[in-house]
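As structure tokens, the structure follows; a few thoughts come after it.
Only the coordinates and a few stated rules stand behind these numbers; no lab work does. What you are looking at is a predicted structure, and each value in this text was computed from that prediction instead of being measured. Cβ placement follows ideal geometry from the backbone for every residue including glycine, while neighbour counts extend to all protein chains displayed.
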Amino acid sequence: MSDSKSAGTGDGNPATGRIWPWLLGVTLPLYVLDQWSKFWIVDRFVPPWVDAPMDERMIPVIEGTFNLVRVHNQGVAFGMGNGTEWAPLVFPFISLTAFVLITVGLRKSFFVGKMGMLAVALLICGIIGNLTDRLVQGHLLEEMEGASTWEKFKAGYVVDFLDFTIPVIDYRWPSFNVADSCICVAAVLLFISGWLAERRKEA
């Protein structure tokens, strides 16, 4: 009985150990894609504040609808908190807190079924992907050469590069990245998973 529970199969609830296949099969590949794409963007484009030809600041993929750009975001979704002095300090702490809460949720079998495990895998990818940016990118800025480690840390930012415009209403959606996409999909999956769990209880 104890062996089956420790393997995460005894009571039908996902135990902590069952997340590892999802981490290796989903989180790791998407994390690599997220970081590779961001480093490619940083290498391909000049920083946003540099006056340069258009081809060094934007690549149109679908004319008028989808572009690749380079945006530095020290805030969170939709640029909230971007440019504030507290953002580089607060948001890394929030990311670490979220990671701890996910770990607790896994231990308490809060995330149910394959959909729950997929959501967790995507959520972890998103959190770690953007946290990596905040901890690393500031150290790579040429402008920060010679600055202290603390100043480089405060200069950290998230690389956003997927730039969409909704043609019908001509609305330019705030730029985002692979990690952001993972978090959004995870949120939808968690909502659906929770709703289905409630439906099963009522049945």
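When you work out D = kT/(6 pi eta Rh) for the chain at 25 °C and 0.890 mPa s, using the Kirkwood radius from C-alpha pairs as Rh and the Stokes-Einstein form, the result is 131 µm²/s. Considering only PHE66, PHE110, SER181, and ranking their Cα positions along the charge dipole of the range 15-202 that arises from unit charges at the beta-carbon of Lys, Arg, Asp and Glu, the one farthest toward the positive end is PHE110.
Sorted on the mean count of surrounding Cβ atoms within 10 Å across their residues, most packed first, peptides 50-60, 28-38, 137-147 read 28-38, 137-147, 50-60. Modelled spin-label separation between ALA52 and LEU141, with each label point placed 7 Å from Cα along the Cα-to-Cβ direction: 1.5 nm. The alpha-carbon of LYS201 sits under 27 angstrom from the alpha-carbons of these lysines, leaving out residues fewer than 8 places away in its chain: LYS5, LYS108, LYS114. Rounded to the nearest 10 degrees, the angle from helix 87-107 to the longest Cα principal axis of the chain is 20 degrees. Each label was represented as a point 7 Å from its Cα along the Cα-to-Cβ direction; for TRP40 and ILE192 these points are 2.7 nm apart. Near ASN130: Cβ cut-off under 12 Å, other residues only, Lys/Arg at +1 and Asp/Glu at -1. The net charge is -2. Taking Lys and Arg as +1 and Asp and Glu as -1, the other residues whose beta-carbon sits under 12 Å from that of ARG57 total -2. Taking other residues whose beta carbon is less than 13 angstrom from the beta carbon of ALA179, and scoring Lys, Arg as +1 and Asp, Glu as -1, yields -2. By the rule of a C-alpha distance below 22 Å, with chain neighbours fewer than 8 residues away ignored, the lysines paired with LYS38 are LYS152, LYS154.
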